Amino acid sequence: MLDGRMIRVVNLRKLAEIVGEDYFSSEDYMLDLYSADIAALPEMVNDLLRTKADAVAQPTSTEIVSRILKYCMDKRIPVIPRGHGTSGYGGVVPTRRGLVLEMTRMNEIHSIDKGKMTVEVGAGIIWGHLLEELEDEGLTVAAYPTSAPSSTVGGWVAAGGTGIGSTKYGGIREQVVDLEVVLPDGTVIRTAKDGKVIAQFLKGSDYVFNPGHDLYQFGFLEDERVNDNVTDLFVDSNGALGVITKVVLKIIPLRNLKPLVASFRSGQLMTHALENIVAATRPFFLHFITGDFYQMQAELGLAPKTSGEWIILATYEGTEDELAGEVEKFHHFVNRNNGIVESEEIAQHEWEERFYPMRIKRLGPSLAPSEVYVPLDNLEEFLEAVDQHFKNERYAIEGAVTNKGEVAALAWFLDDERKKISFLMGWYRSLDFIDIGLKKGGRAYSIGMWNAPLSRSFYGEKRLKTMYKVKRQTDSKNLMNPGKVFSGPLNLSFRFNLLILFAVTIAIPTVLFLAGLLVPEITNAYIPWLVPDTFSKLLWLIGLGLILGVVAIEVANMIPIGFVLTMGRPFMRLFRRIWRS
Amino acid sequence: MRRLFTKNFDFDPDKIVMCSNCSTCRWTCTSYEEWGSEAMFAGGRLRMLRAYVEKNLPIDEHFVEAIYSCSVCEQCVERCPIKVPYGEIVEDLRKRLVEIGKGPYGKLGAMGDRVFHEHNPYGGEAKERANWITPDLKISDDSNIGYFVGCTASYRRPEIGVATVRMLNHFGIEPQILGTDEYCCCSPLIRTGQIVMPIFKKQEDGSKKKVGTLDVKSIINHNIEEFKSRGVDQIIYSCSGCFRTTTLDWPKFYREKGGILPFSTQHLSQFLAVKLKKGEMKWKNGYNERVTYHDPCHLGRHVGVFEEPREVIKSIPGIDLVEMDRNRYESKCCGAGGGLKGGFGENATNIASRRIEQALEVGATTLISSCVFCKLNFLDAVKRDGHDIKIVNIEDLFSDLMELG
């Protein structure tokens, strides 16, 4: 099939019936909107790959999600769950068309348990709404993403990551207590107690779950115990194992927050200060921007008037007494690293700006982002390596320290997506930035689709193996968000497939014809029967070209995306230089 | 880059690429809350625009509907980290749609027809524009202070015009009024892209015959010249839409003629706040109720008038002014503006109803606004959904408490 829809019209009607006509669309203009995430992909990528869904549904209950999944698995329709698509790793980009399941109508706060200090919400609720509602009760969540004004709870759980509050309380993985997940066959489980449902898929294997000891990576021991809690398996699994419909999160009392800002004259001084601050204090959120970032803000008139250009924002949380102690230590370590503690107004301003790093986009007008975890101990080296590597590019870096002693380093490369070829070739920067981080002992920030080749190091071999086993047992046709976590093939667009077919069909007779003209001694000696010197031979060769063209299409559609990105990177680097100059 | 864009829908790509797709604007978007669709908020619309423009898709009814289902309240601009001028973009876009014959949406075009023929979007006869004036109102023909009544007060809510003139009379001002020479301020036309539009008349055989061209510039210039010729150098407004349009849009059209506005503009809430500050205002009666104030988008976010109405309200004896969760720059739209009321009446009422619920949540028994259009929409919501709340504008309250009625 070159470009057939995955969903037949009769199936579309049935799906609309299940979800309700008002919450279903298969119209072209809608599909464009629901087939992309925040990343401004080079337009050419969209021309090359088949990234458009066939339909979009907005389910309003778990029961509807369950019915949809049952139906889709039965009819072999790929399902792509999504929130608001505010992550940029391709986790919600359709790779085999299919049905986009947009979860934002399941956005209720189901219950707040002040005893257990948990809140249960629909997966589609926006973090900002949740924070507002909890605040009214004198509560808050321990960590939330910097995209809180727009991203959904379920989206962050599925994509994984760290955010505001993660320096003290860890990332989303540490916040999730329980999930309601609909498995591909429509079974609804609560991950905190239904581990046995998952365990049955691993029968015959040596592996059983034991997620309790290591919160960071799902580990399991080769013994006979079966743990009922499989929550960790589903966090940051990108919807490849099922659809998250409800999330139970830890909550904490709303406390005083005290933001402090210090500025430094160099990256070296700043990174040393960061190390000292993390060692001696417990910030709620510890964030920095590089001198380049500051310069860009200054260009837009957005930079605060500080003594140095390398800025640290440290926000502390606690009682007045606790805060006083932390503030004193902060001052001490800033001074020791030749930094200046800036005014309260500047601190407040930087804290309020925490959601809006993208303001520098005005200088672009486009931004190409990339993010990677780097050990704090290697941050200085990492920043130097990045500086060396991207000498000809304009970029800014910010970062936030996590409770694992890592820094989530986020680079923003200024670009102009209207310069299509140059923008496409610039894709290498995002990949190289991650590579440098990995070389400095880091790991991928999130997997989605583009980072799927890094799944093994991200999840750890054991966890990935478990995920694979569960996936194979519950979704043998690979219909749940295909191409995510487990690297998938390219699935080229109709136009590109045609181009391959055309090129191969025409190219073979043309090359042979030219060879017959230019080097007749060789062709006559070795392949006289292939030289198109008669019309019937030409037709025969075109026929052969057609067959080879179809074969070429099949082969091209089987190449994994990761392979293409790896092989294509040197060319992108080269062409980027040529096109920019 | 322009060569890659369609010839008949050549929209400036520089404006589209500014948006970062971050969706920060979605959270508080008036239309997203109502429709819950990716196509129905600022960032989504820009992405859709991009898809249509870059892929040369034919402009269909879905596109037009999505572009017109926005009240241009500009909460998105307020939230946008990059400050993409979304309001300007969507109005530009609507203008382009009208130019290529694909807009305006639904029956909104009837407003243009009516303004062309009768100088108001409601279709009331032009000669009846001043019929709301009651005998007790003192109006002069030589004052330097004018009152721009607006179409809604003239044809739909005459009590607003009456209350405003009584208020001015109370302070010894006998304003000039253009009467039947007052034309629409053109706010509904500018918001819906009907800047220049051919006007057709249906013939007996069903065919359409062009009878003229609606030109917003000439209507605006008519109003300006009328005030100028009467020597008015300060105009008071009771309608926030008219006030916003005169303050921000009229200068653009007048400048094209090579001029700057020959008068200053003042909303009546600003006028009252000045009187209060000078000590020239003393309330005759109090208002012993818990009230909340709704910031009209056109008065608040667009022009920046937030505190004056509150100062006036707070000065009323016995009044208990409480704020809704969303107020001032973050105020929620009532749903009436930007052609939403005309194009999507039921949805606009739903939006108003939700705003009223926010007022009820803070225990308000009266919702005060200072825009005739907001009031009209809120009253529709009260009528339909039976909310137990009084809807008044500042001038109504003034007229009642000062016993001017």
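Quick note: the coordinates plus some simple rules give every number you see, no bench work behind them. Predicted, not measured: the structure shown is a model, and the values here were computed from it. Glycine gets a Cβ as well: all are built from the backbone with ideal geometry, and neighbour counts include every protein chain shown.
At a glance:
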{"quantity": "Lysines with Cα under 26 Å of A:K469, excluding same-chain neighbours fewer than 8 positions away", "calculated": "A:K70, A:K75, A:K193, A:K196, A:K203, A:K246, A:K477, A:K484"}
{"quantity": "Stokes-Einstein D for the protein assembly as shown, Kirkwood Rh over Cα pairs, 10 °C, 1.306 mPa s (µm²/s)", "calculated": "50"}
{"quantity": "Lysines whose Cα lies under 24 Å from that of B:K278, excluding same-chain neighbours fewer than 8 positions away", "calculated": "B:K138, B:K314"}
{"quantity": "Within the protein assembly as shown, percent of DSSP bridges classed antiparallel, to nearest 5", "calculated": "75"}
{"quantity": "C-alpha center-to-center spacing [segment B:360-405, segment B:255-288] in angstrom", "calculated": "20"}
{"quantity": "Cleavage-rule hits (GluC sites (Glu not before Pro)) in segment B:213-301: DSSP loop, at most 16 neighbouring Cβ within 10 angstrom", "calculated": "B:E256, B:E280, B:E289"}
{"quantity": "Filtered GluC sites (Glu not before Pro), segment B:314-405: DSSP coil and at most 12 other beta carbons within 10 Å", "calculated": "B:E403"}
{"quantity": "Sequence-separation-based contact order of segment B:280-401, relative, with Cα cut under 8 Å and 6+ spacing, percent", "calculated": "30"}
{"quantity": "Value in Å of the Kirkwood radius, where segment A:494-556 supplies the Cα pairs that are averaged", "calculated": "12.1"}
{"quantity": "FRET efficiency, A:L517 to B:E99 (Cβ-Cβ, R0 60 Å, nearest 0.05)", "calculated": "0.60"}
{"quantity": "Förster-model FRET efficiency, 51 Å R0, A:I340 and A:K477, C-beta, rounded to 0.05", "calculated": "0.25"}
{"quantity": "Per residue convex hull volume, Cα atoms of chain B, in Å³", "calculated": "150"}
{"quantity": "Per-selection Kirkwood Rh - segment A:442-581 (Cα, Å, 1 d.p.)", "calculated": "18.8"}
{"quantity": "Chain A: relative contact order as a whole-number percent, Cα under 8 Å and 6+ apart", "calculated": "15"}
{"quantity": "Within 10 Å of each Cβ in A:26-33, the average number of Cβ atoms from other chains", "calculated": "6"}
{"quantity": "Over chain B, relative contact order from alpha-carbon pairs under 8 Å, at least 6 apart, %", "calculated": "16"}
{"quantity": "Spacing of the two label points (7 Å from each Cα toward its C-beta) at B:R290 and A:D28, in nm", "calculated": "5.4"}
{"quantity": "Three-way shape call for segment A:373-519 based on the alpha-carbon gyration tensor, with the a/c threshold at 1.5", "calculated": "oblate"}
{"quantity": "Reachable lysines, given that their alpha-carbon falls under 18 Å from the alpha-carbon of A:K419 and they are not under 8 places away in the same chain", "calculated": "A:K361, B:K15, B:K55"}
{"quantity": "Rounded to 5, the percent of DSSP beta bridges in chain B classed as antiparallel", "calculated": "25"}
{"quantity": "Coil-residue chymotrypsin sites (Phe, Trp or Tyr not before Pro) of segment B:136-198, DSSP, other Cβ within 10 Å capped at 16", "calculated": "B:F171"}
{"quantity": "Principal axis dimensions, largest first and in whole angstrom, of chain A by Cα", "calculated": "94, 56, 49"}
{"quantity": "Gap separating the Cα centres of segment B:217-239 and segment A:72-103, nearest whole Å", "calculated": "56"}
{"quantity": "Global geometry of segment B:227-349, whether rounded, prolate or oblate, following the gyration tensor of its Cα atoms and the 1.5 cut on a/c", "calculated": "oblate"}
{"quantity": "Stretchable slack from B:V322 to B:Q203, in nm (0.36 nm times residue separation minus alpha-carbon distance)", "calculated": "37.2 nm"}
